[in-house]
Structure formats: structure tokens, C-alpha cells
1. Out of GLU233, GLU222, GLU239, GLU228, which single residue is in contact (Cβ under 8 Å) with a residue 40 or more places away in the chain, out of contact with any His (no Cβ under 7 Å at 6 or more places or on another chain) and either in a helix (DSSP H, G or I) or not aromatic (Phe, Trp, Tyr) (or both)?
2. Can you tell me which of ALA165, ALA175, ALA192 is away from the ligand (no atom under 14 Å from the Cβ) and either in contact with a strand residue (DSSP E or B) (Cβ under 7 Å, 6 or more places away or on another chain) or modelled with pLDDT under 95 (or both)?
3. Tell me whether the stretch 111-118 contains one or more residues that are under 19 Å from ASP252 (Cα atoms), β-branched (Val, Ile, Thr), at pLDDT 95 or above and within 14 Å of the ligand (Cβ to nearest atom).
4. Can you list residue pairs whose Cβ atoms sit under 7 Å apart, with the first residue in the stretch 182-199 being free of Cβ contacts under 8 Å to residues at least 40 places away in the same chain and the second being surrounded by fewer than 19 Cβ atoms within 10 Å (Cβ to Cβ) and of a type in the set (Val, Ile, Thr)? Count only pairs 6 or more apart in sequence or on different chains.
5. Hey, PHE60 hits all of (1) more than 30 Å from ASN126 (Cα to Cα); (2) of a type in the set (A, V, I, L, M, F, W, C); (3) touching a Cys at 6+ places or on another chain (Cβ under 8 Å) but one; which does it fall short on?
Amino acid sequence: MLYVIGHKKPDTDSIAAAVAYSYLLNKLGVEAKACRIDDVNPETEFVFNKFGVGIPEKVFNSPEKRFVLVDHNEFYQSIDDLKEEQVVQIIDHHKLNVSFLEPKFVRTEPLGSTCSIVFKMFKENNVEVPKEIAFLLLSAILSDTVIFTSPTTTEEDKRIASELAEMLDFGDLKAFGIEMKKAKADLSSKTARDIITMDFKEYEKNGKKYAVGQVELVDLSEINSRKEEILSEMRKLKEEKDFDLICLMVTDIINQFTDLWFVGEDWIVVKAFGKEIKDNSVHLPNVLSRKKQVVPPIEKALS
Ligand SMILES: [Mn+2]
């Protein structure tokens with residue numbers, strides 16, 4: 001049995017890719033089960049409820065288990081205590097940051113979502129995509145590409161999305177995408193810690209430990225009114241987990257910019273973005289993608 005898992009603090013792409021890819025493996029005669037390693041966010045809940053699909057169960061690690069990693073490849077973003085011999089396959093659209101002593105099945109492509117790659121694998125294997133899987137794939141593509149506005153979006157993602165939309169007789173993709181993002185954006189019931197860690201990725205470069213969280217919103221007024229509270233919680237988290245830098249991308253998906261809030265070693269932010277710091281934050285016009293527009297400059301500043 002293979003356990004197909006997305007990353008910690010999973011997003012819709014991670015969970016949808018796990019469900020879709022385990023379905024494909026089953027069709028190809030490989031016993032596999034989609035699982036999650038962390039709680040899902042409200043956007044993912046919204047998507048799964050919309051089509052009445054069950055959210056995968058949580059899996060815990062044990063040495064005999066074998067895993068397929070989707071939508072991530074770095075071990076510290078994966079299930080705790082993961083060992084090289086437990087990883088059977090990787091399907092991802094992030095930069096590779098692993099090396100193995102043994103050969104492995106690894107497929108990465110620079111597409112806007114892991115689900116775009118999974119869709120291609122259905123096609124390549126002549127496996128029909130059932131409606132509920134098509135819906136999950138489409139939702140994940142819309143989510144990860146921020147409704148095709150993120151610079152990670154490729155023509156291929158758009159083509160795949162329109163093919164899926166056609167299969168589903170889907171109307172307005174943009175309206176659905178915004179509805180989906182709004183489900184995630186309801187902050188009123190969330191603690192500062194929830195907001196910071198809802199979509200949170202940890203990294204290490206040259207001995208510096210940093211993390212970048214992201215909230216995608218259609219209106220920043222509520223979060224801006226809680227900035228002090230959130231920054232002070234970021235400071236606590238930094239001490240607790242011994243980070244050198246914690247960033248939170250506060251992204252306005254309608255007006256297409258990110259305010260990058262941060263605590264920790266500010267020289268890294270200055271060097272990475274060359275912007276004026278104001279109230280522990282830098283304003284980054286047209287920045288939407290952590291993977292393409294925030295992590296690379298930080299990595300460069302640290303190298
Ligand atoms: Mn993804």
C-alpha cells in the first residue's frame with residue numbers, strides 16, 4: 001500500500017493531487033490511498049463539500065509505510081520522521097531540493113499546479129477522469145494559479161483548466177475562483193496563530209532557518225486592523241521554533257499585490273527585495289507567488 005501525501009499545512013492543490021493521483025494509481029493496479037498529514041484549510045473544505053467528496057484521513061508515520069509525495073519534495077515539509085527508503089515517488093511542481101542514494105520515480109514540471117501534472121498523467125495512461133476528480137483538479141489549478149494571475153501560470157495550465165471546465169459544463173471560472181478564495185479568507189473566527197500558519201512553509205538556506213506564510217484575500221482591511229496582534233504572534237512563533245526570519249505574505253488577489261510582513265533578521269528582506277521597510281513590512285506590487293517571487297529572492301540573499 002502506498003500512502004499519497006501532500007505537504008504540511010496542505011492547500012487545495014496538495015489534497016486534490018493526493019486524491020486524484022491515488023485514484024490513477026489504483027486504476028493502474030497499484031494499491032494506493034490518499035491521505036493528509038495535517039488539517040485542511042477552509043478553501044479545501046469548501047471545494048470538497050461542494051462536490052460531496054470526502055476529505056482524506058490523516059496518516060501517521062511508521063517505518064513500514066511507503067509514501068508518494070505530491071506537491072512537495074523537501075523532507076521538512078513532509079510527514080515527520082520521513083526516511084529516504086520510505087519515499088517511492090514524487091510528483092511536484094516546486095524546485096527539487098532532495099537527492100537520494102537510490103534511483104526514484106520523480107516527476108516535476110514547471111506548471112502552475114501539481115494537479116495539472118496529474119491530469120497529464122491520466123491522459124498519458126488513457127485513464128478517464130471521473131467528474132469529481134475533474135472538479136478537484138480544476139479547483140486546484142484555479143487555487144494554485146490564483147485564478148490564472150500568478151506568474152507561475154502557464155498556457156498549459158489554462159488549456160487543461162478549460163478542458164476540465166468543458167467536461168464539467170462549468171460556467172464562470174473566475175466567479176468560482178473568487179468564491180473559493182473567499183471561503184479561505186474569512187478571518188473573523190481565526191486566531192493570529194491560525195492566520196500565520198494556515199498556509200506556512202519552512203525553509204533552510206546556509207544555516208538560516210526561515211518560513212513564509214501566505215494569506216490570499218479579496219480585502220485587506222480586516223487583516224490590517226489586526227497587524228500588531230499578528231506581528232506579535234509571529235515574534236512568539238519565531239522564538240518558539242528558533243527561526244531567523246518569519247514572513248507573512250498578505251496578498252490582495254483583486255489588486256494584485258503583496259504586503260510582506262516579517263519579524264526577524266530584516267537585512268535578509270532588505271537584500272532580497274531592495275524595498276523600504278515600513279512597520280515591519282515591504283510593499284510588493286504584482287507579487288502573488290511565494291514559490292516564484294518570494295522564496296527565490298530570499299534564497300539569493302542568503303547565498
Ligand atoms: Mn501546488
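The values are calculated or read from the model by the stated rules, or taken from the named source; none is laboratory data. All values derive from a computational prediction rather than experimental measurement. When we count neighbours, we look across all protein chains shown, and the Cβ atoms used for this are built from the backbone with ideal geometry, even at glycine.
1. None of the other options fit; the residue is GLU233.
2. One residue alone meets the criteria, ALA175.
3. So far as the stretch 111-118 goes, no, none of its residues is under 19 Å from ASP252 (Cα atoms), β-branched (Val, Ile, Thr), at pLDDT 95 or above and within 14 Å of the ligand (Cβ to nearest atom).
4. If the second residue must be surrounded by fewer than 19 Cβ atoms within 10 Å (Cβ to Cβ) and of a type in the set (Val, Ile, Thr), the pairs left are LYS182/VAL218; ALA185/VAL218.
5. (3)
Residues are listed down the side, and each one gets a yes or a no for (1) surrounded by fewer than 16 Cβ atoms within 10 Å (Cβ to Cβ); (2) in contact with a Pro (Cβ under 9 Å, 6 or more places away or on another chain); (3) at pLDDT below 95:
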| position | (1), (2), (3) |
| --- | --- |
| GLU84 | yes, no, no |
| GLN89 | no, no, no |
| GLU102 | yes, no, yes |
| PHE105 | yes, no, no |
| THR108 | yes, no, no |
| GLU124 | yes, no, no |
